[in-house]
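Colleague: Before anything else, here's the structure in question.
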Amino acid sequence: MSNNINGENQLDGADEVKQVKRRGKTKLINVWNIPRGHRVVVNCNELNQPIGEEAGVLAKFLGMVARNGSLCSLSFKDWRLLIGKKDRNHKQINKEAILNQVKKRFLYPARMETWVLRTIGERWRQHKSNLKSIYFDPHKSQDANNSNAPDGVLADQWVALVNNWMTPKAQDLSEANRINCTRRKSMHTSGTKSFARNREELREQDPEKKYPHRAVLYIHTHKSNIGNNRNAHVGELKELLAQQPDLADSSNGKDAWEGDALNRILGKEKPGHIHGLGLVPNPKQVFHASTSSRMKHLNVTTLDETSSEDVVSLRLELEKLQKHVQKQDDTILDLQHTVERQKRQHGYPDAPLSPPTDVRPAMKRQGYLDAPLSPPTDVRPAMKRQEDENEDDEYEEQHSHYKCSKIQDKSKPPQSRREALHASRVSASIKVSTDIFLKSTRYPNRKVALGRVLSQDPKTKVGDVALGKEFWMVRVSLVSVRDEPLIRPYNNFKVLGQVGNNPIAWPSSCIEKVN
């Protein structure tokens, strides 16, 4: 009996050793319950793929969205049917509902939306494949399979899946896919980390901060194991690179092309995917760079692609202000024509309306001069505004540089007291890192760009020239008038459209705070 007891203990101990601790289901409670108004910021590379640790969280979240039957129904046979279904108003309700769940918790560039939808589609198809391999038995009857609905799957959706899997067409397609899977050469061995994240890490490790060739990235993410014949072709790839290193030379800035080392080993690319780079929303972006003749003659600059709700709202506000200013300009022009016409009708084109000097005594006797002389009531406000505008226009033509920079001739009169007081109050309320509008130095009422204040220190230099007391250092984030000239040009920057992400000096009196 003692031997039996010892033997049982040994078996129990063996069972304990064999038990493998597995993690539970992905829940991401903190992401689903993220406070209102907060977002997880996700950046992406030039291929519109997410990078960084946030990309891993986003990928897990998209997998949970794909397994959510309320958002991604399993009743559809094809992902394109699920996304493309439209209501009576021709709106894709399913697509909007899925993206809204992602946008409520993540903030990412708009150009990454295609990757998000394709990733959810792949996770959705993989989810159906996993359900079929675990809970569906083709040798059992349809009723028996219908009663074997897994937990977390809606009953009606499971019945629809089983009905589709039992059809001859679906069975033939499943057999063809099974044969294709046996021909698979490669297997990703770097865990849940995507190609894009591995590629970005290799770029950070590079002294010149260049992206590695996709063949180098492929070797990094596919460890060869000749013992079980897994990724045996990686050895062939290494031999090819040793013999012809130019097939993976990325010194010219291109890290993938048709006919390179990886293309020779693995052959034709899978639709939507590129060997060594993973899911790429636009494969032409990798192999066929844009060489349009139209783009060669355009002034193109680079901006930060990270989307922000604040930037979007400010952009909309700037567009509204531009339309408002344009309407004001049209109204002023019409008013100017009206005033000129009124002056010509009264015969006093160059002077304020008043009776001739020789008739004033007669008018005095008749009582007309008891009150100050004034033009007709219907044109008086318009003429008053026009006279002020004419004075401002004449002053701007003579002292346009002085009005914003105040650096040419200090003996000339500055702005009016009211304008100067208002400008001083506005400038006092603007601090460093404040979002601001840049106003034109030629037309002070016109906003030409959106930016942010970087420095107000007079000793700060921009283009090897100190700011002084009348200029601030700003960085432009959005330009509405690209041909607006710079007050202080430097290097090859002469207009706002050429600045890009470089700081510039702008007169503080031509800066307005964004409310």
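Colleague: Compute the convex hull volume of the Cα atoms of segment 93-165, divide it by the residue count, and report the result per residue in Å³ as a whole number.
Modeller: 108 Å³
Colleague: How do VAL479, VAL162 rank by accessible surface area computed with a 1.4 Å probe, from largest to smallest?
Modeller: VAL479, VAL162
Colleague: Among the GluC sites (Glu not before Pro) within segment 23-97, which fall in a DSSP loop and have no more than 15 other Cβ atoms within 10 Å of their own Cβ? Don't skip to the answer; put the middle values down first.
Modeller: Numbers: sites: GLU46, GLU53, GLU54, GLU96; in loops: GLU46.
Those that pass, being in a loop and sparsely packed, are GLU46.
Colleague: Round to a whole angstrom and tell me the spacing of the C-alpha centers of segment 477-512 and segment 54-133.
Modeller: Between the Cα centres of segment 477-512 and segment 54-133 lies a distance of 42 Å.
Colleague: In whole percent, and with a 1.4 Å probe on the protein chains, what portion of the accessible area of segment 29-183 is carbon and sulfur?
Modeller: 50 percent
Colleague: Heavy atoms only, probe 1.4 angstrom, no DNA, RNA or ligands counted: give me CYS181, CYS72 ranked by accessible area, highest first.
Modeller: CYS181, CYS72
Colleague: Find the accessible area per residue for segment 195-285; the probe is 1.4 Å, ligands and nucleic acids are left out, and the unit is Å².
Modeller: Numbers: 4920 Å² over 91 residues.
For segment 195-285, the solvent-accessible area averages 54 Å² per residue.
Colleague: Tell me, how many Å apart are the Cα centres for segment 449-470 and for segment 160-215?
Modeller: Each part reduced to its Cα centre gives a spacing of 51 Å.
Colleague: Report P(r) for segment 429-513: all Cα-Cα distances, bin width 10 Å, range 0 to the bin holding the largest distance, values in whole percent.
Modeller: 20, 58, 22, 0
Colleague: Moving on to the next point. Apply the a/c threshold of 1.5 to the C-alpha gyration tensor of segment 195-285 and tell me whether it is rounded, prolate or oblate. Intermediate results must be reported in sequence, preceding the final value.
Modeller: On the way: a/c = 1.37, a/b = 1.22, b/c = 1.12.
It is rounded, given that a/c, with a ≥ b ≥ c, falls under 1.5.
Colleague: Set the bar at 29 Å for Cα to Cα. Now go through LYS104/LYS193; LYS323/LYS459; LYS431/LYS461; LYS60/LYS223 and name every pair that lies beyond it. Please report the intermediate quantities before stating the final value.
Modeller: Working: LYS104/LYS193 24 Å; LYS323/LYS459 38 Å; LYS431/LYS461 18 Å; LYS60/LYS223 24 Å.
Among LYS104/LYS193; LYS323/LYS459; LYS431/LYS461; LYS60/LYS223, the Cα-Cα distance tops 29 Å for LYS323/LYS459.
Colleague: While we're looking at this one, here's another question. Order these peptides, 115-123, 82-90, by their mean beta-carbon neighbour count within 10 angstrom, highest first.
Modeller: On the way: 115-123: 20.6, 82-90: 11.2.
The packing order, highest mean first, is 115-123, 82-90.
Colleague: Using DSSP to define loop residues, name the trypsin sites (Lys or Arg not before Pro) in segment 174-273 whose beta-carbon has at most 16 other beta-carbon atoms within 10 Å.
Modeller: ARG183, ARG184, LYS185, LYS193, LYS209, LYS210, LYS223, LYS254, LYS268
Colleague: Let me ask you something else. From the cross-link list LYS103/LYS494; LYS132/LYS270; LYS209/LYS447; LYS128/LYS268; LYS169/LYS270, which pairs have alpha carbons spaced over 29 Å apart?
Modeller: Correct reply: LYS103/LYS494; LYS209/LYS447.
The values are calculated or read from the model by the stated rules, or taken from the named source; none is laboratory data. Small disclaimer: the values here were computed from a predicted structure and weren't measured. Positions of Cβ are backbone-derived with ideal geometry, glycine not excepted, and every protein chain shown enters the neighbour counts. Only protein heavy atoms, including side chains, enter the accessible area calculation; ligands, DNA and RNA are left aside. Shrake-Rupley method; radii C 1.70, N 1.55, O 1.52, S 1.80 Å.
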